[in-house]
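Student: One structure is given below, represented as structure tokens, and several questions about it will come after.
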Amino acid sequence: MSIRIKPVQSYLSAAFQIVSLALAGATACWAQSSAPAPNAQLAAKALNQKVEALLKQMTLEEKIGQTVQYSAGFATGPSGSKLSYDELVARGAAGSLLNVIGAEHANHYQHIAVEKSRLHIPLLFGDDVIHGDRTTFPVPLGLAASWDPTLIAGVARTAAVEARADGVNWVFSPMVDIARDARWGRIVESAGEDPYLGSALARSWVEGYQQGDLSKPDSVAVSVKHFAAYGAAIAGRDYNATDMSDITLRQVYLPPYHAAVDAGAATLMSSFNSINGVPATANPYTLTQILRKEWHFDGFVVSDWGAVSELLNHSIGPDGATVARKALEAGVDMDMEGNLYATTIAAQVRSGEIPEKVVDEAARRILRVKFALGLFEHPFTPVTPAYAPTAANRAQARAVAAETIVLLKNDPVEGVGALLPLGKAAKTVALIGPLADSAQDMLGSWDAQGEPKFAVTLRQALTERLGGHLLYAPGCGVLSGEDEKTLLEGKPAPDDAASIAEAVEAAKKADVAVLALGESADWMTGEATSRTRLGLPGNQEQLLEAVAATGKPVILVLLTGRPAEIKWAGAHIPAIVEAWFPGMEGGHAVADVLFGDVNPSAKLTVSFPRAVGQEPLYYAQLPTGRPAHGDLSHAPASGPEKYQSRYIDEDNSALFPFGWGLSYTRFSYGQPTVSKAEVGLRDLEAGRGPDLTVAVDVRNAGSVAGTEVVQLYLRNTSASVEQPVRELKGFARVTLQPGESKHVEFPLGFDELSFYNVESKQVVEPTTYKVWVGGSSLATAETSFKVE
Ligand code: BGC
């Protein structure tokens, strides 16, 4: 059996591919210019003729109205707005509303827009549908750990169907910010640290939501966020500045946004941060030069919540009018909850400060998306019965969640063997920890319309399996006592001695203890939740150590939205599982993995630090002139060995690295081979590729079926600009029966082998590439090839 992998592909069904190809073919001849159009619908001539006809009828105020968005529902940012949305919509003074949920609620405003406003222009309804709408899937960082673009497209599909039923035609997803700093709370919304994987997953989110055809009644327009480089906020502090070279911006941070645009993303959201001193929400370089001129994006850009008005805090203008003009002229087409486009743009157009064509262009881009969505023909949402999860929703949520759970460690215990999967010997299980029975935490941050009442906790799931043989003790709170204060002031958590003692007693009565520990999904992960300490919060470490001291075998199940600092557990707890916040069916999915009904296959997409001081920590480091080497168990205080790029008090390496994840079986790798020892530089430059194939045989050397994520890493050993010590350039999920082998091939071409030079040009140069293939970023099976 042979598998040929090309991650730059569509992940939806063959039927979808045929439809989208037909569509692209049909519309290509209408395209307005010779520039490539990433979204053929938005570039289509017939659609643009309608847009132009409408624009001609619009007053300046009506055009500006299209560029204005308000939250007419709950607030997802600082807000004090007391506007009458009925009135604004009737006047054509709002082009979009966000956080309006439910068909009736949306229809209320849509009726006003299409029946009472002068030109009957329908509204866009935006919402943060991030990892499901009603059916809650695992948080995005967990979904990414599946390394499964097809699975993600399926999640986006279900979310789109439910969002449309809720009146939402525009989702503020996917979040494609590269996140390499575990202190940043929004790492939970990301796909992790790697641009190659991030790009593949960004593509599948867009395809799943938009289906290559925005006019389908169950497609939603995406808003790819947060453009750009928001994940690189200095020191991991949310909303902070980012500062990086153009090479790093283009090579590491921009690829996932570009992939999403190439996949046809209808809209992007500009970010809160500044980039090299220029706020991303008023940044002509990213918003116009790169996005419009280089990537040929035809959709529109919405600001993040209040980001236009926050330009005043960024101090790039003396007043609201100036900063609004800067944002609009840079390429932010819609002002989300800033109320500055609404109040300052018209006067500036009238005074000649802003050319009217700038407003026309913003309105044009927004109207294109409305036409493409078919809102002029079908503005309303059919009212459907209240949501209750179906068996199909639950089955999908459970299967998806099981694919996101990472087995970090499963060392044999003396006299028992590997603790996982739990076997017959585990008759009585003690389930301990503050997250063992918290339905809200199963859902994760940004849970859209997910409801805790539909979530299955680990306690519920284990009770279903074990009945009276399950003992339960929370042990302590996520923080305990005056929770938030304890965290904020870095105080020791209050005394939990009595409840820890109860947990210890439960463990003593059991054959095995399962500890469900981690963060509060709600207020320790997601937006505005940066942390300086990454260990288990509150008294959870104390609880873990007390239970481990009983001598009973301990399995640690982590529920976190970021890599946790778990050095003690890494050394002393034999079995560790990272379950993230696994969604509505999370309890069942974790139980499926613990009991071996599902053989885990997920792999980390973020590096777990040994100590928070290593952050930002990622595998694709640039080389240093003094690489760390030799025995690093202690730092030499003096002598030639002292002068290495390393910490004096900690190893450089991750506790659990990128790509890491175990299985209940073992996979063995053959020697990787290359189809050619040398690739011609000219052929690569001509971009005809793929130019070369790396192949490897992977075998299931264990006794149960399993799925391995086969990973290909490259190192460019000699370039005009230094290149990372390793970079992911291919991956494949391969399912193998015991004893079965598969031959996996990774095609490589210009996309995989090019990099940005000092002139910010994407180039290939003569060099030798080292190649590794394996089951994590530590892969050792090696080969090489040359580019000449
Ligand atoms: C967040 C965005 C979100 C927006 C709308 C902002 O605070 O940064 O990710 O889409 O609010 O809710």
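Student: Give the Debye-formula value of log10 I(q)/I(0) at each listed q (0.07 Å⁻¹), with one equal scatterer per alpha carbon of the chain, two decimals each.
Tutor: After summing over all Cα pairs, the log10 values are -0.51.
Student: Rounded to whole Hz and in sequence order, give me ³J(HN,Hα) for region 309-325 from the Karplus expression 6.51 cos²θ - 1.76 cosθ + 1.60, θ = phi - 60°, writing x for Gly and Pro.
Tutor: Along region 309-325, the couplings run 5, 5, 4, 5, 5, 6, 6, 10, x, x, 8, x, 4, 5, 5, 5, 4 Hz.
Student: If you don't mind, there's one more thing I want to ask. Could you line up D181, D649 from fewest to most neighbouring Cβ atoms inside 10 Å? Spell out each step's value before the answer.
Tutor: Numbers: D181 24, D649 9.
Ordered from fewest to most neighbouring Cβ atoms within 10 Å, D181, D649 come out as D649, D181.
Student: By per-residue mean of other Cβ atoms within 10 Å, what is the highest-first order of 438-445, 593-600?
Tutor: Taking the mean over residues of other Cβ atoms within 10 Å, the ranking is 438-445, 593-600.
Student: In the chain, if the dipole is taken from +1 on Lys/Arg beta carbons and -1 on Asp/Glu beta carbons about the Cα centre, which of L736, H120, V456 is farthest to the positive end?
Tutor: L736
Student: Under the definition of Cα pairs under 8 Å and six or more residues apart, what whole-number percent is the relative contact order of region 668-788? Intermediate results must be reported in sequence, preceding the final value.
Tutor: Working: 289 pairs, mean separation 41.8, N = 121.
Computed value for region 668-788: 35 percent relative contact order.
Student: Taking only C-alpha pairs under 8 Å that are 6+ residues apart, what is the relative contact order of the chain in percent?
Tutor: 14 percent
Student: Rounded to the nearest 5, what is the percent of antiparallel bridges among the DSSP beta bridges in the chain?
Tutor: 50 percent
Student: Tell me, L214, L60 in order of fewest to most beta-carbon neighbours within 10 Å? Walk me through the numbers on the way to the answer.
Tutor: On the way: L214 27, L60 15.
Listed from fewest to most nearby Cβ atoms, that is L60, L214.
Student: Of the listed peptides 171-180, 690-699, what is their order by residue-averaged count of other C-beta atoms within 10 Å, with the highest listed first? Display every interim value, and only then the final one.
Tutor: Values: 171-180: 28.1, 690-699: 20.4.
So the peptides 171-180, 690-699, ranked by packing, come out 171-180, 690-699.
Student: If you place +1 on the Cβ of every Lys and Arg and -1 on the Cβ of every Asp and Glu, how big does the dipole about the Cα centre of the chain come out, in debye to the nearest 20?
Tutor: Once rounded to the nearest 20, the dipole reads 1220 debye.
Student: Whose amide H sits under 5 Å from the amide H of A781, counting only residues 5 or more places off or on another chain, with H placed in the peptide plane?
Tutor: So A781 has HN proximity to V773.
Student: State the percent of C-alpha pairs, over all pairs in region 347-415, separated by a distance greater than 16 angstrom.
Tutor: 77 percent
Student: How large is the Kirkwood hydrodynamic radius of region 83-168, counting all unique pairs of alpha carbons, in Å?
Tutor: Taking the inverse mean of 1/r over all distinct Cα pairs, region 83-168 comes out at 14.2 Å.
Student: Return the whole-Å distance between the Cα centroid of region 538-563 and the Cα centroid of region 603-676.
Tutor: Centre-to-centre (Cα) distance: 25 Å.
Student: Please state, rounded to one decimal and in Å, the Kirkwood hydrodynamic radius that region 738-787 gives when every pair of distinct Cα atoms enters the mean of 1/r.
Tutor: Taking every pair of different Cα atoms in region 738-787, averaging 1/r and inverting gives 13.4 Å.
Student: Any idea what diffusion coefficient region 610-655 gets from Stokes-Einstein, in µm²/s, Kirkwood Rh on alpha carbon pairs, 25 °C, 0.890 mPa s? Could you put the intermediate results ahead of the total?
Tutor: Details: Rh = 11.5 Å.
In µm²/s, the coefficient is 213.
Student: Expressed as a fraction of 2.2 N^0.38 Å, the rule-of-thumb size for a compact globular protein of N residues, what is the C-alpha radius of gyration of region 641-788?
Tutor: Rg over 2.2 N^0.38 Å, computed on Cα atoms: 1.18.
Student: What is region 127-172's relative contact order, in percent, from Cα pairs under 8 angstrom and six or more apart in sequence?
Tutor: 57 percent
Student: Can you check what the Kirkwood hydrodynamic radius comes to for region 28-159, Cα pairs only, in Å to one decimal?
Tutor: 17.6 Å
Student: Sticking with this one: I need the peptides 653-659, 201-207 ranked by packing, meaning the mean over residues of other C-beta atoms within 10 angstrom, with the highest value on top.
Tutor: The packing order, highest mean first, is 201-207, 653-659.
Student: Right, another one. Using Stokes-Einstein with the Kirkwood hydrodynamic radius over Cα pairs, what translational diffusion coefficient do you get for region 526-614 at 20 °C and a viscosity of 1.002 mPa s, in µm²/s rounded to a whole number?
Tutor: Estimated diffusion coefficient is 147 µm²/s.
Student: Also, quick follow-up: How large is the charge dipole for region 504-658, taken about the Cα centre, if only the Cβ atoms of Lys, Arg (+1) and Asp, Glu (-1) carry charge, to the nearest 20 debye? Don't skip to the answer; put the middle values down first.
Tutor: On the way: 12 positive and 18 negative charges, 73 e Å.
Rounded to the nearest 20 debye, it is 360 debye.
We did not get these values from a lab; they are worked out from the coordinates using the rules stated. Predicted model only: the values in this text are computed from it and were never measured. For neighbour counting, all protein chains shown are included, and Cβ atoms are generated from backbone atoms with ideal geometry for every residue, glycine included.
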